[in-house]
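Only the coordinates and a few stated rules stand behind these numbers; no lab work does. As the structure is a computational prediction, the values presented were derived from the model and not from experiment. FYI the Cβ positions are ideal-geometry reconstructions off the backbone, even for glycines, and counts take in every protein chain you see.
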Amino acid sequence: KQYDLFELAAFRYFARKKPIPSQTGGPCNGEDTSSSMVPSQASSSHQIVLREEGPGLNTTTEGIARNRKRKRKTRSTYTPNTKEVAAKARHEAIRPFILAAYEAFGQRLADGSLPRSWIQPASSEPEMGDEDVDFVALAGVWQADLAEIVFQDSEEHFPLFNALVRNDCASEVLAACMGHTFLLPKRSAFLLSDFSRLSPLIPATRSEGYDIILLDPPWENKSVQRQATYATLPNRNLLGLPLQKLAHSDGALVAIWVTNREKLRAFVESELLATWGLRLEATWHWLKVTPEGETISPLDLAHHRPYEVLVLARAPSEEQDVPSAEREQPSETQHVASAEREQPSEMQQAASDEREQPFGTHKMNTVESPASSQLTVTPSAPDNFVIVSVPGEHSRKPPLKCLLEKYSAKGASSRGLELFARELTAGWTSWGNEVLRFQDAKYFVAK
Ligand code: SAM
């Protein structure tokens, strides 16, 4: 599988720097980039100025009244509404970080310090076709309850829908269903079900919960609806997702993909996080580039940004969740732990290394696990971190497991969960109504 091997294996560039196309500011790379990376200059280099070009004015007597209306419409500048102003302000704030990330990436390409595997173009993905299993349609027929998935070697049978299926082996397993072969990564699990049937995912106790939860919800979106890429869900339904029951009692890192729509970002930040009991920690951006290294659209194009947003939030540990007045006095173990904290841990070191990167800012807020167990200090995810990669086909997101583990107290042994997934990840549990979609053996190449 093209994505399995490395942290951000979707990088596949050629060692040639190309300018980021900018709607109004022209190329901003190479020699010119240094100036456009200065935030104040970057901010002033473009504005939302939309021009409406109407037909010539009607000068007949009866047309005068209409002309007045038309004149009002054909103002040469457009006054943005409050959402557009807010969206523009967000764009201005992240722009210097995106330019710095793009520049840093270009330099690493030029000096050959990226791993070879990132530069080699991946072979193109097979086409999705009519012969693919349509899990959403299949779920709607009466035979769905009888559908099974069969592990190839052991010949064990499991229900395909509404049951948690696990591959506990330390190697991949091939499994057959609906005449197709699917690859189940090592120590992965999946639940193929609708939103209304999530209960097999919920752990018996929160101490068996998930340390990392990644979600890519099917936000309502005209383009997705037009192209019928997948079914969307009303935003309000997301409020009912039992996030707190899924998060580990020691706390969890929650990463949510969000579109650039200002209304949606405001909903997530002001309503969704509060309802799920999460604290906003950082905002990351994924800059999408072509295999030739150009952004997929001009950086400043207001209605088609070349980036997507990942909101990172923290579910508190059960202990932190208790209102402060009810919290017990610190125990002796907690005192020992705070003394230990003065020595930087390996995780803190990793975080401070991360800080040196030019395209992310790092807060040193720390998250503690409960006093009863061994205390560890989790570095907060850096703010304004930028991921640069070539997007996979069919709106697939880049793989984030290794990156997110850096900001989870349990590191590589974190229990991970991906919600609304279309593929499986080694060591993680995945859920969605088409969770096996990209696990079809045809999407993998033999090593
Ligand atoms: N992260 C995925 C990727 O990179 O391939 C894309 C996820 S896509 C934005 C959202 C997914 O949620 C789609 O697979 C869609 O079918 C699924 N979905 C939509 N409505 C759902 C529902 N009611 N229950 C479960 N999954 C649903």
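Sorted from largest down, what three extents in whole angstroms do the Cα atoms of the range 219-300 have along their principal axes?
Its Cα atoms span 45, 27, 20 Å along the three principal axes.
Which links in K222/K288; K222/K401; K288/K447; K83/K406; K245/K442 stretch past 24 Å when you go from one Cα to the other?
Those over the limit are K222/K401; K288/K447; K83/K406; K245/K442.
Rounded to the nearest 0.05, what FRET efficiency is calculated for S171 and T229 with R0 set to 41 Å and r the Cβ-Cβ distance?
0.80
So, R0 is 25 Å and r is the distance between the beta-carbons of R279 and N237; what FRET efficiency does that work out to, to 0.05?
FRET efficiency, R279 to N237: 0.65.
How would you order 133-143, 381-391 from highest to lowest mean count of nearby Cβ atoms within 10 Å?
381-391, 133-143
Taking Cα centroids, how far is the range 411-432 from the range 228-298 in Å?
Centre-to-centre (Cα) distance: 16 Å.
What spacing in nm lies between the two simple spin-label points modelled at W142 and N221, each 7 Å away from Cα in the Cβ direction?
According to this spin-label approximation, the distance is 3.7 nm.
Round to the nearest 0.05 the FRET efficiency obtained for E84 and S154 when R0 = 45 Å and r is the Cβ-Cβ distance.
Using R0 = 45 Å, I get an efficiency of 0.20.
Once amide H atoms are placed 1.01 Å from N in the peptide plane, what residues at a sequence separation of 5 or more from T181, or on another chain, have their amide H within under 5 Å of its amide H?
The list, which skips near neighbours in sequence, is A441.
Would you kindly derive the ³J(HN,Hα) couplings of the range 196-208 from the backbone phi angles with the Karplus curve 6.51 cos²θ - 1.76 cosθ + 1.60 (θ = phi - 60°), listing them in order in whole Hz, with x for Gly and Pro?
My calculation for the range 196-208 gives 6, 10, 8, 4, x, 7, 7, x, 4, 10, 5, 6, 9 Hz in order.
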